[in-house]
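A short write-up of the structure that comes next.
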Amino acid sequence: MSADAAPGRLEAVRALLTTWSIPNDTRHPADALDALAADPDAWERALPGVPVPAPGEVDELRALREDLRAALGDPRPVALAGWLERHRLAPRLQADGDAPVRLVPQHPGAAAELLARVVDAVADGTWYRLRACPDCAHAFYDTSRNASRTWCRMVRGDASGRSCGSIAKARAKRARDRGAREAAG
């Protein structure tokens, strides 16, 4: 499991969010949703338990991903209410698992299943810790004690080479130094 992984069923939502990012090597936005949706095995590995989207559902998932990204960090993402109108959810009592009650889609589909997971995460208080790096847009789950993590990474620690926090701090220091030199000179 990755250090950025979200707990339980919320990890599939994070996986959807990571299908769009700004790779450090190219610095151009990359969208992997079409390729992931076209490969059922890869989809099941990345988003276990979420139905593989039908061909016409990929554009809807892209729009959902954008709205979910806009709602990241918001403990009460009321902006998603329109999605809940289109994809009705119903409570279901669970005999096992991590929650006694889980929301399930009234009509199956990838978007509806992901929305159910988001609403469950809002209810259990884990949604607001799902964040996106302001530099590379990588989605991560904030496990910091005070829930204040901003960057994907502070130092290079994985194969992706992400270290947006240290890069931002270096930029800020250079700007301060430049300002101090200009003020002195």
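The residue 3 and residue 99 beta-carbon pair, evaluated with R₀ = 22 Å, returns a calculated FRET efficiency of approximately 0.35. Rolling a 1.4 angstrom probe over the stretch 76-148 with all protein chains present gives an accessible area of which 54% lies on carbon and sulfur atoms.
When 141, 128 are compared by accessible area of protein heavy atoms, the largest-first order is 128, 141, using a 1.4 Å probe. Taking the charge dipole of the chain about its Cα centre, with +1 at Lys and Arg Cβ atoms and -1 at Asp and Glu Cβ atoms, the residue from 80, 127, 110 reaching farthest to the positive side is 127. Under a plain spin-label model, where a point goes 7 Å from the Cα along Cα-to-Cβ, how far apart in nm are residue 62 and residue 81? Computed distance between label sites residue 62 and residue 81 equals 2.8 nm. Shown for the chain is the translational diffusion coefficient from the Stokes-Einstein equation, using the Kirkwood radius over Cα pairs, a temperature of 25 °C and a viscosity of 0.890 mPa s: 137 µm²/s.
Net charge dipole, the chain: roughly 1180 debye, given to the nearest 20, about the Cα centre with Cβ charges of +1 for Lys and Arg and -1 for Asp and Glu. Name the shape class, rounded, prolate or oblate, that the alpha-carbon gyration tensor gives for the stretch 1-88, where a ≥ b ≥ c are the square roots of its eigenvalues, rounded holds for a/c under 1.5, and otherwise prolate holds if a/b is larger than b/c and oblate otherwise. It comes out rounded by the Cα gyration axes.
The values are calculated or read from the model by the stated rules, or taken from the named source; none is laboratory data. Computed from a predicted model, the values in this text were never measured in an experiment. Quick reminder, even Gly has a Cβ in these numbers, built from the backbone with ideal geometry, and neighbours come from all protein chains shown. Keep in mind that these areas ignore ligands, DNA and RNA; they rest on the heavy atoms of the full protein, side chains included. Shrake-Rupley method; radii C 1.70, N 1.55, O 1.52, S 1.80 Å.
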